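The values are calculated or read from the model by the stated rules, or taken from the named source; none is laboratory data. Nothing here was measured: the structure is a model prediction, and the numbers come from that model. FYI the Cβ positions are ideal-geometry reconstructions off the backbone, even for glycines, and counts take in every protein chain you see.
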Amino acid sequence: MKKLPIYTLLLLLAFACEDKEIPRYTIQGNNIMEGTVFLWGADDEHKEISSIRSDSSFTISLTLEDSAIFTLALPDGKIIPLYAKPGITATLQPDTTLKSGWSVNGSESQALHDSISRILDATDDIEQQKKIIEEFVNKHPISEVNVELFRRYLADIPTPDNEHLRKAISRLGGILQDHKYFVITKKLLEKKTGNVKHRMFPTFRYTTIDSSEVTLATYSDKYLLVNIWATWAKESHEQMKRLREIKEKVRSKNFAILNISLDSDTAKWKNAVTNDSIIGDNVIDYKGMNSEVIESFNITSLPYSVLITPYKRISDYEMKLDSLTAASIDSLTHKHDTKNKQKKKKIKR
């Protein structure tokens with residue numbers, strides 16, 4: 001048998017590769033309101049945009065060599081997670097049992113996601129949702145559906161239970177724990193203990209709005225209320241106005257307020273401090289969410305308040321200023337003052 005020259009074999013292989021069709025994933029929908037549809041991948045590997053056609057439909061198709069998780073945003077603001085697989089054409093279906101209003105006729109993972117989401121969406125009880133997710137993890141420890149469940153119901157909520165989130169992640173299969181989302185989440189959780197209380201507050205050095213320098217040592221022997229806020233966070237304005245009412249009612253002199261703004265526009269920040277008559281030491285942190293103080297807490301919404309003891313330790317966190325009273329602050333400072341007096345008496349003896 002005559003042997004083919006090596007270059008001929010290489011040419012044949014090259015043509016064979018060219019002829020091999022790369023599989024695609026397609027998502028389509030009908031009866032969609034006019035506007036723009038956005039689709040993006042978890043790692044930003046894919047970003048697709050499609051305008052709704054005159055017949056109220058859209059189609060997005062992209063090459064896909066492996067399974068992937070996407071997010072689809074419709075013109076009405078509805079967000080839909082997609083579990084994409086190569087070679088599949090998925091279709092949106094109206095579904096009032098889901099909060100998004102749409103289910104997806106697609107892969108097995110997609111069907112599993114829509115099924116568990118119906119159960120979770122049926123209750124607003126966070127503790128009940130935790131139990132449901134825990135049961136799901138026990139049955140499906142390596143299912144990629146866990147990525148969306150953890151993100152939506154355990155992590156991206158106003159006050160996440162970090163300790164529960166940490167334990168829940170530990171129950172996942174090893175393969176899923178190596179998923180980029182869980183790797184990043186675990187790194188964030190490693191920066192905190194399960195209970196932030198009693199930890200030392202991070203050191204800092206800021207220049208106040210009146211050009212004075214403040215550090216953690218500036219507030220020695222005082223209870224310090226730290227408020228993290230921003231002019232662009234709507235809820236911040238009303239909450240920060242509450243500070244004056246608290247401060248004026250506190251009798252103790254051993255209480256101070258530090259307001260850390262995450263703004264980048266200095267002029268806008270100064271105007272807000274003046275117009276809202278925000279009391280306390282006002283500073284701005286240009287590092288924003290990358291600053292050490294901010295990264296010490298799993299902050300998902302502003303404002304965010306932390307109470308620090310005279311010993312620089314965290315007394316309370318994730319506090320709502322509406323629930324903070326002058327009486328509770330006076331009670332804390334009184335206990336601290338009493339202990340100090342007792343210590344001084346012992347020293348004199």
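Residue-wise test of (1) aromatic (Phe, Trp, Tyr); (2) in a loop (DSSP other than H, G, I, E, B).
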{"site": "Ile133", "(1), (2)": "no, no"}
{"site": "Asn138", "(1), (2)": "no, no"}
{"site": "Pro141", "(1), (2)": "no, yes"}
{"site": "Val147", "(1), (2)": "no, no"}
{"site": "Tyr153", "(1), (2)": "yes, no"}
{"site": "Ile157", "(1), (2)": "no, yes"}
{"site": "Ile169", "(1), (2)": "no, no"}
{"site": "Leu176", "(1), (2)": "no, no"}
{"site": "Val183", "(1), (2)": "no, no"}
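Looking for something surrounded by 14 or more Cβ atoms within 10 Å (Cβ to Cβ), in contact (Cβ under 8 Å) with a residue 40 or more places away in the chain, in a helix (DSSP H, G or I) and among the β-branched types (Val, Ile, Thr) - is there at least one such residue anywhere in the range 229-242?
no
Quick check on the range 283-293. Is at least one of its residues of a type outside the set (A, V, I, L, M), within 20 Å of the chain's Cα centre (by Cα), part of a helix (DSSP H, G or I) and exposed (fewer than 12 other Cβ atoms within 10 Å of the Cβ)?
Yes, because at least one residue in the range 283-293 is of a type outside the set (A, V, I, L, M), within 20 Å of the chain's Cα centre (by Cα), part of a helix (DSSP H, G or I) and exposed (fewer than 12 other Cβ atoms within 10 Å of the Cβ).
If you take the residues in the range 77-91 that are more than 27 Å from the chain's Cα centre (by Cα) and part of a strand (DSSP E or B), which one is surrounded by the most Cβ atoms within 10 Å (Cβ to Cβ)?
Ranking the qualifying residues of the range 77-91, first place goes to Ala90.
Mind counting the residues in the range 300-324 that are assigned to a loop (DSSP other than H, G, I, E, B) and surrounded by 16 or more Cβ atoms within 10 Å (Cβ to Cβ)?
Residues in the range 300-324 being assigned to a loop (DSSP other than H, G, I, E, B) and surrounded by 16 or more Cβ atoms within 10 Å (Cβ to Cβ): 6 in total.
Quick one: is Ile278 part of a loop (DSSP other than H, G, I, E, B), within 21 Å of Lys222 (Cα to Cα) and in contact with a helix residue (DSSP H, G or I) (Cβ under 9 Å, 6 or more places away or on another chain)?
So Ile278 passes the test.
Looking at Ile299, Ile284, Ile347, Ile294, can you tell me which residue is at pLDDT below 70 and farther than 20 Å from Lys222 by Cα?
Ile347 is the lone residue from the list that is at pLDDT below 70 and farther than 20 Å from Lys222 by Cα.
Which one is modelled with the highest pLDDT among residues in the range 13-37 that are among the hydrophobic types (A, V, I, L, M, F, W, C) and within 16 Å of Val104 (Cα to Cα)?
In this case the residue turns out to be Ile27.
Matching residues to (1) over 30 Å from Asp76 (Cα atoms); (2) surrounded by 14 or more Cβ atoms within 10 Å (Cβ to Cβ); (3) at pLDDT 90 or above:
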{"site": "Ser103", "(1), (2), (3)": "no, yes, yes"}
{"site": "Gln128", "(1), (2), (3)": "no, no, yes"}
{"site": "Val137", "(1), (2), (3)": "yes, yes, yes"}
{"site": "Glu144", "(1), (2), (3)": "no, yes, yes"}
{"site": "Val147", "(1), (2), (3)": "no, yes, yes"}
{"site": "Asp156", "(1), (2), (3)": "no, no, no"}
{"site": "Thr159", "(1), (2), (3)": "no, no, no"}
{"site": "Ile169", "(1), (2), (3)": "yes, yes, yes"}
{"site": "Lys192", "(1), (2), (3)": "yes, yes, no"}
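What tally of residues in the range 267-288 results from selecting those that are among the small types (Gly, Ala, Ser) and closer than 18 Å to Val250 by Cβ?
2
Looking at the range 200-225, I want the residues that are within 21 Å of Tyr304 (Cα to Cα) and have a partner that is surrounded by 15 or more Cβ atoms within 10 Å (Cβ to Cβ) and small (Gly, Ala, Ser) with Cβ atoms under 6 Å, at least 6 apart or on another chain. Which pairs are those?
From residues that are within 21 Å of Tyr304 (Cα to Cα), the pairs are Pro202/Ser296; Tyr219/Ala256; Lys222/Ala256; Leu224/Ala256.
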